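Working notes, structure below.
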Amino acid sequence: MEQEARQLEAEFLQRVQWRPRSVSGWSLPRLLWYLVFLQPVITEVHLRRKNVKFLFIRFSAWQYEGSDKLWAGLVTTLCEGIRHHYGPLPFSVYSVLGNKPATSQGFGQREWHCRRRVCLALAALLAALGLGVALLYLSLGSHALVPGAHGSAMRVFGGAATTLSGSGLLMAVYSVGKHLFVSQRKKIERLVSQEKFGSQLGFMCEVKKEVELLTDFLCFLEIYQRCRLRIVLEVTGLDTCYSDHVVGVLNAINTLLSDSHAPFIFILVVDPSILAACLESAGSMKGTADNGYLFLNRTVTLPFSVPVMGHRTKLQFLHDAVQSRDDLLYREMTRQLRPLSPGGDEGAQLLAVEMQAAGAERSQSLIDAEAARRIQEALFCLHDERDCLYEYVPDNLVFMRRIVNTVPITLRLLQQQQQRQDLVGPTPRQAVAWVVLANQWPCRLSWALQCLEDRQQAGGAPDARARLWDVFRDNSRELHSLTKELHNVLDLDGDPELFQRFLSADFPFTVAEAQNLLRCTVNLDHSIRRRMGLLRAVLALKPPSPPKSPAGGDAPHAANGANHPPAPAACAANHDPRAVRAAARANQAGEDAHPRMTQRNKPRPVA
């Protein structure tokens, strides 16, 4: 937006003679003069101006979540941002002495009119003050020219004129000073703290007056600066607030945008699905926002969904996330990898000598160096263009940081486990791939691990070389039957097709590797597995239901006839070897045709 504004301003100023005015530095006295003695006029020339200046203000809804009037925090943030950008003095002077911009009649080109009433009032006050001071000087001076009763009258009139004119000037200065130290934010916060305004119309009227005053001040600055002003308010964190607070903020946005001339642009950085659910569950929106998406469509005038992150962009973000790591453990390990220079820090050299003198510390240093090497290798695999691992990382900066922050902890735990058991563990690439797997598909991974655990408890341990994907595929039908109970957990998973490609082709983890990595997994919620184990145990307690047939009342006889052939045929088969072999093949074919039904009806042990 700023780049587009600079380009438009450069193109527009090539066709005109005037230049925009500044509002800071040495231009501040000139701005104060315009605020007091001149009135702006909205002309056709101003309406045809194309140069725009943007003022960006950030509002985090989570910072005001504890307040009952979250939308009041939105208004106060808006007022405070404008006051901070332009300074408290111009707005304070406009609040006391400013005048609302007028509209030009016809095609007039004059943008400023002299405020004659203000000039006459100020001239009258100064004249009265001068007259009063002169009368007091003539009557009270050491060389008083008018003695007696005339001198007393002059003192009375001089004192009265000085008091009235001086008090008028002092009241104006006092009002400006009051607005200078008591901002709009403090006014609104004071109104919010008063219970009598909390549920009355007077509170909204006072807030509306403050917003209208702010809008008029911005219109004045537009004409003075000779450009269009747009206040861009970035609203973040709204999808982490309560439903009623979300409704209040959206209503405040609609109120501020209700004026067609309001120079406000709101950017909502939210998850639409969460916002729609909040609107539908809010009690005050029943009948108005029964469909949250329709309500958002009526509120948002420019929908913009962030597109899928490109190849280069994702690699760059992953590289930035890796480079931004600043934890003490990582810095300590990388510091020990760097050789000490001869002219380096003496304290570091003495520390290195002491560590070399102690055998245990030297061993720990080698361990840390090896851990640092493995961590760097794993993080490099994460953003390596030649590796396919980055394709499974989501287009979300928060998820990227979670993965990058989890990798060092996982590798440190793996290293300690390998030292205790003297085994060759997973490679750094496998470790970071496991972290991505647990981050992207926690439900499906937990289901496969729970099925392995149940099978081991039942005494049927699977082959250690079996693939984890085969375990999940063999038990996927049972997971499908539990979609209603695990609906919220399944929503945490990413693309199912990518999950299949991840485990079956690119990273075919075996059962032994999964069990080894599970001991060092820190980014997988184990409560998901416990919930799945309880659901499987409850299903195992249910008795198997008999198969149903659409044959009506003769269904039992049909089933018996299908399972037990008539006796004469069986007797005949006993005397004919070929019939015996044919019957055996038919029974085997029937069992092969319904393997899943047999497995489903088989009762499972209680976990």
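Here, each number is a calculation from the coordinates, and none is a lab measurement. The structure presented is a predicted model; accordingly, all values stated were derived computationally and were not measured. Because the Cβ atoms are built from the backbone with ideal geometry, glycine has one as well, and the counts that use them run over all protein chains shown.
For region 441-542, the C-alpha radius of gyration divided by 2.2 N^0.38 Å, with N the number of residues, is 1.03.
When the inverse distances between all different Cα atoms of region 1-104 are averaged and flipped, the Kirkwood radius reads 16.7 angstrom. Each residue in I188, I82 was given a count of other beta-carbon atoms within 10 angstrom of its own, and listing them fewest first yields I82, I188. Residue exposure proxy: V489, V173, ordered by other Cβ atoms within 10 angstrom of their Cβ from fewest to most, comes out as V173, V489.
Full extension of the chain between N251 and A153 yields a length gain of 28.9 nm, computed as 0.36 nm times the residue separation minus the alpha carbon distance.
Packing around the peptides 380-389, 19-28, taken as the average count of other Cβ atoms within 10 Å per residue, puts them in this order, highest first: 380-389, 19-28. Region 365-379 and region 395-457 have Cα centres lying 17 Å from one another. Checking the Cα-Cα distances for K314/K484; K53/K208; K100/K186 against a 32 Å cut-off, the pairs over it are K314/K484.
Sites listed here are trypsin sites (Lys or Arg not before Pro) in region 78-136 whose DSSP assignment is loop and whose Cβ has at most 10 other Cβ atoms within 10 Å: R110. Solvent-free Debye calculation, one equal scatterer per alpha-carbon of region 383-461: log10 I(q)/I(0) at 0.18 Å⁻¹ equals -0.91. Panel order for R444, R531, by other beta carbons found within 10 Å of each beta carbon, from fewest to most: R531, R444.
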